[in-house]
Every structure is written in C-alpha cells, then in structure tokens.
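In what follows, a structure is listed as structure tokens, so that the remarks can point back to it.
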Amino acid sequence: MSPQTETKASVGFKAGVKDYKLNYYTPDYVTKDTDILAAFRV
C-alpha cells in the first residue's frame with residue numbers, strides 16, 4: 001500500500017474577484033522613460 005499525501009489548496013491564496021480600481025488603477029501615476037507599452041490585436 002502506498003503512503004497517502006494531504007494537499008492544502010487554500011494555503012497560498014484566497015479565491016475570488018477583486019475590484020479593479022482597488023488593486024491596479026492608480027490615477028496619479030506618472031509614466032517614466034523606462035515604461036513599456038504592449039498592445040495586442042486579436
């Protein structure tokens with residue numbers, strides 16, 4: 001008989017949808033010369 005292993009999925013992160021403006025949107029951000037713009041067309 002092989003040994004059993006236990007997996008804990010909720011240890012690293014909490015699932016769910018976060019509000020965009022709370023995490024990514026910064027209205028007072030000023031672009032720098034080293035910023036990179038990436039545009040993709042599908």
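Going by the structure shown, is K8 at pLDDT below 70, in a loop (DSSP other than H, G, I, E, B) and surrounded by fewer than 10 Cβ atoms within 10 Å (Cβ to Cβ)?
Details: at pLDDT below 70: yes; in a loop (DSSP other than H, G, I, E, B): yes; surrounded by fewer than 10 Cβ atoms within 10 Å (Cβ to Cβ): yes.
Criteria met by K8.
List the number of the failed condition for P27; all other conditions in (1) part of a loop (DSSP other than H, G, I, E, B); (2) of a type outside the set (D, E, K, R); (3) modelled with pLDDT under 70 hold.
(3)
The values are calculated or read from the model by the stated rules, or taken from the named source; none is laboratory data. Keep in mind it's a predicted model, so treat the numbers as computed, not measured. When we count neighbours, we look across all protein chains shown, and the Cβ atoms used for this are built from the backbone with ideal geometry, even at glycine.
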